Structures are given as C-alpha cells and as structure tokens.
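Here is the structure we will look at.
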Amino acid sequence: MTPSVRDGGDPQTPATDVRKTLLLGLRFCLGGLFVYTGVIKLADPTAFALEIHNYQLFPALAPLLAAALPAVELAIGAALLAGTRPWLRAGALASAALMAVFTVAVGSAVARGINISCGCFGAGSGPVTPLTVARDVLLLAASAALLVLATDPPPPALAALVAEDGPESAGQSPGAAA
C-alpha cells in the first residue's frame, strides 16, 4: 500500500520526484562550486587579496576578506553537500547572501568601467564583464531556488487551511474540528 499524506507518508508523485531531483542537483552543483572556489582561493591568498583590492570597494579590508572568504565558501559548500535539512537551508541562505554580495561587486566594477580580473575562481579567472554579472545572477537565482526547495512543505492540514483561506471561510470557528 502506498503511503498517503493523511498517513503522514510522502506520496511519490511526478512533482515530488522533480522537486527532489532539482534539490539534489542544485545542492551538489552549488555545494561543489563553493568547495572548489574555496580551495582554489586558499591556494594563493595574496593573489586573492590583490583581486579583492582591485574592485576598489573596500581596499583596506582586502587582506581580511581574502583570509575569511575561502573559509566561508568551504563552510557553505559543506553545508550544501553534507548538511542535514536545517544546515542545508542555512547553507542555501548563506549562498544566496554571498552571491548577492558578489553580484553587486561585479556589477559595480562593470558599471564603473574597471578593467579587472574577476578573482571568482582564483588567479586568472578572466575579466569582469556583463557575462560575469549574468553568471552571478544565475547563481543567485539557483541559490534562492535551493532555499525554496530545501524548505519543507507545510503540513497537509495547514496547506488545506491556507487553500481555503482559513477555517472561517468554511463556516467553522478556528477551534472547531473538521
């Protein structure tokens, strides 16, 4: 017998399968990307500090950011790859926040016409261009999608209440049994 939502089971529907596949794909792609970029940046922190400095946003913070960002990226990657549901959600939120910061930074460089190397994948990452901004926007959207997918759906009773605009629409008081 197939478990039903009423039994507390997770019915296997095509939508559920797609959701799980997307969750797994985004989790491994983003998690792997953050682990990779963290490791690459750890290999040469001096060069990474110079890349950060070249953005001309907060040059005095470049050495601190060069020391901290790779560890943050590794932690986010680990949370996305191996974390339990709460860690996965936290990793997805941190990933979205970090991608938002990165998107603003590269967008600022493009808007100001600064000809610099991205530094996104360590030394020799290539110049910052509108394509870099588009890539970061895409990664930000992927992080946001992962956050949505990693959030548990509401319990069936709550979903039914929301779908019906609450118990008052059915003529029931909030404390009445269905």
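Here are a few things to note about the model shown:
- Residue under evaluation residue 19, criteria (1) among the charged types (D, E, K, R); (2) out of contact with any helix residue (DSSP H, G or I) (no Cβ under 7 Å at 6 or more places or on another chain); (3) farther than 20 Å from residue 109 by Cα, criterion not met: (2)
- For segment 133-163, the candidate set comprises residues that are of a type in the set (Val, Ile, Thr) and modelled with pLDDT of 95 or more; within that set, the residue that is farthest from residue 33 (Cα to Cα) is 133.
- Looking only at segment 16-34, residues that are surrounded by fewer than 17 Cβ atoms within 10 Å (Cβ to Cβ) and either among the charged types (D, E, K, R) or free of Cβ contacts under 8 Å to residues at least 12 places away in the same chain (or both) come to 8 in all.
- Restricting attention to segment 113-150, the residues that are touching a residue at least 40 places away in the same chain (Cβ under 8 Å) and on the phi < 0 side of the Ramachandran plot add up to 18.
- When residues of segment 62-118 are limited to those that are polar (S, T, N, Q) and over 16 Å from residue 50 (Cβ atoms), the one surrounded by the fewest Cβ atoms within 10 Å (Cβ to Cβ): 84
- Neighbours by Cβ (under 7 Å, 6+ apart or cross-chain): first from segment 79-96, more than 19 Å from residue 141 (Cα to Cα) and in a loop (DSSP other than H, G, I, E, B); second at pLDDT 95 or above and of a type in the set (Gly, Ala, Ser): 83/91
- Positions within segment 70-125 being in contact with a Leu (Cβ under 9 Å, 6 or more places away or on another chain) and among the aromatic types (Phe, Trp, Tyr), in sequence order: 87, 102
- Residues of segment 37-55 that are within 8 Å of residue 70 (Cα to Cα) and out of contact with any strand residue (DSSP E or B) (no Cβ under 8 Å at 6 or more places or on another chain): 38, 39, 42.
- Looking only at segment 103-128, and only at residues there that are among the hydroxyl-bearing types (Ser, Thr, Tyr) and at pLDDT below 95, the one that is nearest to the chain's Cα centre (by Cα): 125
- Candidates in segment 35-61 are the residues that are among the hydroxyl-bearing types (Ser, Thr, Tyr) and crowded, with 18+ Cβ neighbours inside 10 Å; of these, the one that is nearest to the chain's Cα centre (by Cα) is 37.
- Each residue in segment 28-62 was checked for being closer than 26 Å to residue 87 by Cβ and acidic (Asp, Glu), and 0 of them qualify.
The values are calculated or read from the model by the stated rules, or taken from the named source; none is laboratory data. Source: prediction; values computed, not measured. Note: ideal-geometry Cβ built from the backbone for every residue, glycine included; neighbour counts use all protein chains shown.
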